[in-house]
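K.L.:
First, the structure itself, so that you have it in front of you.
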Amino acid sequence: MTRFKLIGNNGFTTEDYPEPEVWAGVLARAGLVEFEYFADHLEPVLFRRVVAEESEFLQATRRAIRDHGLRAWSGATARVSYLLNMLSHPYADMRREGVAWCKAFIDLARKLGARYISGHYDLLSKRDLDERFDAAVARMVDGLVEVSRYAAQAGLEGIFLEQMHRPQLQPNTIARAHAILEAANAASAVPVYLHLDTGHMAPVFDDPAHGPRDKDPCAWLAERWQPNRMLLIHTQQSDREASRHWPFTPEFNRRGFIDARRCIEAVASGNVEEAVFALEILFARGTRIEAIEPAIVASADHWREAFASLGYRRGADGTYTKP
């Protein structure tokens, strides 16, 4: 029987509210103990000295996490790593720097006490997508394997690779996800697990390989992924036109098509050992925190109510299971 967790994600504040006590307070008041730390808050290469020297901002971040009773579950790559050709770059010197970025990101995650990294780590070039797809994906997998060796040395327990919403960001179909996981785990030093996003399936319009099942979030959620021990799901309300990252409030639940109960049931049908739903609710830049917090709180309440309505109970360790 699947054990579930509901955790947070602090991507709802980056440049607007850099003070860590702001996002930490919101997560705590939403009743979310564990969370993903968005790397946009502390870009690990640009601000590498802050991480390496554990200077003022890193100390303030640790203090905010501790004082609000939070725990970092993973480091989340956020935006930069899926805007650049990193692990699949056609030039070897650039791939080396892409791997170096991932290693710096692991250092940040471990400094915050996280046991995993999550997100995406690469963007295929247009020529690679159109003319050299298999070779480019193989380079990406080789890069992941190299990153996994550093992850093992650093004490991470796993890497989550995010399924994405365009063909230059792999994997973006169910078949490709199975193939990439199989290739990576054949040589990786820590498990490479699949990381899903409820808003990334439907809005893919430019890939003939992306069929009806690939557009269905519940098809992805119910699939048995290997290794079938863990699954991470970025959880957002969305429509079929774009990845919206809307909150689960009455207004957006009417506009969107993501049903919390159906998602939970789909994951349970795949019999994965542990599934982690991470609320990834994002807002337009410049949104005031007074508008953000009620939406985060309402979204967490919505998912807790969905678990309760299906007969799940939250244990002392934060997991939801059926008696």
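K.L.:
Of the conditions (1) modelled with pLDDT of 95 or more; (2) within 16 Å of the chain's Cα centre (by Cα), V80 fails just one. Which one is it?
P.N.:
Here V80 meets the rest and fails (1).
Each row is one residue, and each column tells you yes or no for (1) buried (at least 17 other Cβ atoms within 10 Å of the Cβ); (2) under 19 Å from W73 (Cβ atoms); (3) not hydrophobic (A, V, I, L, M, F, W, C).
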residue: A186; (1), (2), (3): no, no, no
residue: G199; (1), (2), (3): yes, no, yes
residue: H234; (1), (2), (3): yes, yes, yes
residue: R244; (1), (2), (3): yes, no, yes
residue: E274; (1), (2), (3): no, yes, yes
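K.L.:
Is one or more of the residues making up the range 297-318 touching a residue at least 60 places away in the same chain (Cβ under 8 Å), within 27 Å of E21 (Cα to Cα) and touching an Asp or Glu at 6+ places or on another chain (Cβ under 9 Å)?
P.N.:
yes
K.L.:
If I go through the range 244-260 residue by residue, how many of them are among the polar types (S, T, N, Q) and under 19 Å from the mean Cα position of the chain (by Cα)? Can you show your working first?
P.N.:
To start, the set of residues in the range 244-260 that are among the polar types (S, T, N, Q) comprises 249, 253.
Adding the requirement that they be under 19 Å from the mean Cα position of the chain (by Cα) leaves none.
Summing the residues that are among the polar types (S, T, N, Q) and under 19 Å from the mean Cα position of the chain (by Cα) in the range 244-260 gives 0.
K.L.:
Looking only at the range 166-215, filter to residues that are charged (D, E, K, R), over 19 Å from the mean Cα position of the chain (by Cα) and assigned to a loop (DSSP other than H, G, I, E, B); which one of those is modelled with the lowest pLDDT?
P.N.:
Within the range 166-215, the subset charged (D, E, K, R) is 166, 176, 182, 197, 206-207, 213-215.
If we keep only those that are over 19 Å from the mean Cα position of the chain (by Cα) as well, we get 182, 206-207, 213.
Filter once more, keeping what is assigned to a loop (DSSP other than H, G, I, E, B): 206-207.
Values: D206: 88, D207: 95.
Taking the candidates together, the pick is D206.
K.L.:
If I filter the range 281-290 for residues that are under 17 Å from the mean Cα position of the chain (by Cα), at negative phi and either surrounded by 22 or more Cβ atoms within 10 Å (Cβ to Cβ) or part of a helix (DSSP H, G or I) (or both), do I get at least one hit?
P.N.:
Yes, the conditions are met somewhere in the range 281-290.
K.L.:
Is it true that some residue in the range 136-156 is part of a loop (DSSP other than H, G, I, E, B) and either crowded, with 18+ Cβ neighbours inside 10 Å or in contact with a His (Cβ under 9 Å, 6 or more places away or on another chain) (or both)?
P.N.:
yes
K.L.:
Of everything in the range 64-107, what is farther than 22 Å from D197 by Cβ, part of a helix (DSSP H, G or I) and touching a residue at least 24 places away in the same chain (Cβ under 8 Å)? Give them in sequence order.
P.N.:
A64, I65, D67, R95, V99, A100, K103, A104, D107
K.L.:
Now, a different point. So which residues in the range 63-100 are of a type in the set (K, R) and out of contact with any strand residue (DSSP E or B) (no Cβ under 6 Å at 6 or more places or on another chain), if there are any at all? Steps first, answer last, please.
P.N.:
Restricting attention to the range 63-100, the residues satisfying the condition of being of a type in the set (K, R) are 63, 66, 71, 79, 95-96.
Those that are of a type in the set (K, R) and out of contact with any strand residue (DSSP E or B) (no Cβ under 6 Å at 6 or more places or on another chain): R63, R66, R79, R95, R96.
The values are calculated or read from the model by the stated rules, or taken from the named source; none is laboratory data. Values in this document were obtained by computation on a predicted structure and should not be read as measured data. So basically every Cβ, Gly included, is an ideal-geometry build from the backbone, and we count neighbours across all protein chains shown.
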